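The values are calculated or read from the model by the stated rules, or taken from the named source; none is laboratory data. Treat the numbers as computed from the prediction; the structure is a model and nothing was measured. Quick reminder, even Gly has a Cβ in these numbers, built from the backbone with ideal geometry, and neighbours come from all protein chains shown.
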């Protein structure tokens, strides 16, 4: 059996082993695969492993040997799963591998804004402490998180993990979610989106990209937020109208934003957030510590093994 990985570079920084896939057949891995080379790269393979490559109906029909697609991610909107089902191709995904990593990254953004470690370190490295006439000096003020209100939009596994960490900091947690859990199941307040935007000191997004959440951060909702409030987005870039957010940052409508995702990735040179005021951006890296990538590839490998053994799991196109 031939197994082709289209985008090893998305999951491996030459620091994890993919040798397990070799136990199940000829394993051919490519760092990245351009869209116009996908069909050629898959060739006569029975199994393809992917992350962002667009496996459209046209692509799938051009690969008649293909029997199995292993998505190396939770989301699978890069695959035409209906076409795959019609063609008898099993599609699986991987979930629950990066919950704590993403939650950790959320608080890295929050700490950046409220503890200012980077700013003070830069100052010390530039010699400002050496020149100081006092044992302490002040640049931007720092703030305790205790007592602040964290607004969480979306209450899946990552939203719950973020809430738990916030609770440990002594923050007030309010949540807006489509499905409100039974009363007293969680020690948090469940509110409407509008109330969340108005009350929160920090708004953090943990919702999937759906018609309901697309462009949820826009001129109107940003205008509801406090001028001292911050936005954190580690979910999906399409939840934000980027021109509206850039305008809000540059005009002082809100105080800052920490973003791990944008609408088009890799980021385009003309993205208005690149140079927006007090906007900290990381390159979709929140999910990707070494341990989570090992966990992810382990799930992908286990999915493949179960399919080969005739007991497929994590199938998304049943």
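Have a look at 253, 213, 228 and point out the one that is in the same structural domain as residue 275 (by TED's automatic domain parsing) and either in contact with a strand residue (DSSP E or B) (Cβ under 9 Å, 6 or more places away or on another chain) or within 20 Å of residue 74 (Cβ to Cβ) (or both). Steps first, answer last, please.
Details: 253 fails: either in contact with a strand residue (DSSP E or B) (Cβ under 9 Å, 6 or more places away or on another chain) or within 20 Å of residue 74 (Cβ to Cβ) (or both); 228 fails: either in contact with a strand residue (DSSP E or B) (Cβ under 9 Å, 6 or more places away or on another chain) or within 20 Å of residue 74 (Cβ to Cβ) (or both).
Just a single option satisfies the conditions, and that option is 213.
The residue that is nearest to the chain's Cα centre (by Cα), counting only those in the stretch 88-103 that are modelled with pLDDT of 95 or more and closer than 21 Å to residue 305 by Cα, is 97.
Which of the residues belonging to the stretch 38-58 are farther than 23 Å from residue 297 by Cβ and out of contact with any strand residue (DSSP E or B) (no Cβ under 7 Å at 6 or more places or on another chain)?
First pass over the stretch 38-58, keeping only residues farther than 23 Å from residue 297 by Cβ: 39-40, 44, 56-58.
39, 40, 56, 57, 58, listed by residue number.
Within the stretch 148-162, is even one residue more than 20 Å from the chain's Cα centre (by Cα), within 22 Å of residue 255 (Cα to Cα) and loosely packed, with under 12 Cβ neighbours inside 10 Å? For the stretch 148-162, residues more than 20 Å from the chain's Cα centre (by Cα), within 22 Å of residue 255 (Cα to Cα) and loosely packed, with under 12 Cβ neighbours inside 10 Å: absent. Reported count of residues in the stretch 79-103, each being in a loop (DSSP other than H, G, I, E, B) and crowded, with 19+ Cβ neighbours inside 10 Å, is 6. On the stretch given as the stretch 1-31, residues that are in a strand (DSSP E or B), surrounded by fewer than 17 Cβ atoms within 10 Å (Cβ to Cβ) and without any contact (Cβ under 8 Å) to a residue 40 or more places away in the chain total 3. Against the numbered list (1) surrounded by 17 or more Cβ atoms within 10 Å (Cβ to Cβ); (2) in the same structural domain as residue 205 (by TED's automatic domain parsing); (3) closer than 28 Å to residue 180 by Cβ, residue 76 comes up short only at (2). Residues in the stretch 32-56 that are under 26 Å from the mean Cα position of the chain (by Cα), surrounded by 17 or more Cβ atoms within 10 Å (Cβ to Cβ) and in a loop (DSSP other than H, G, I, E, B): 4 in all.
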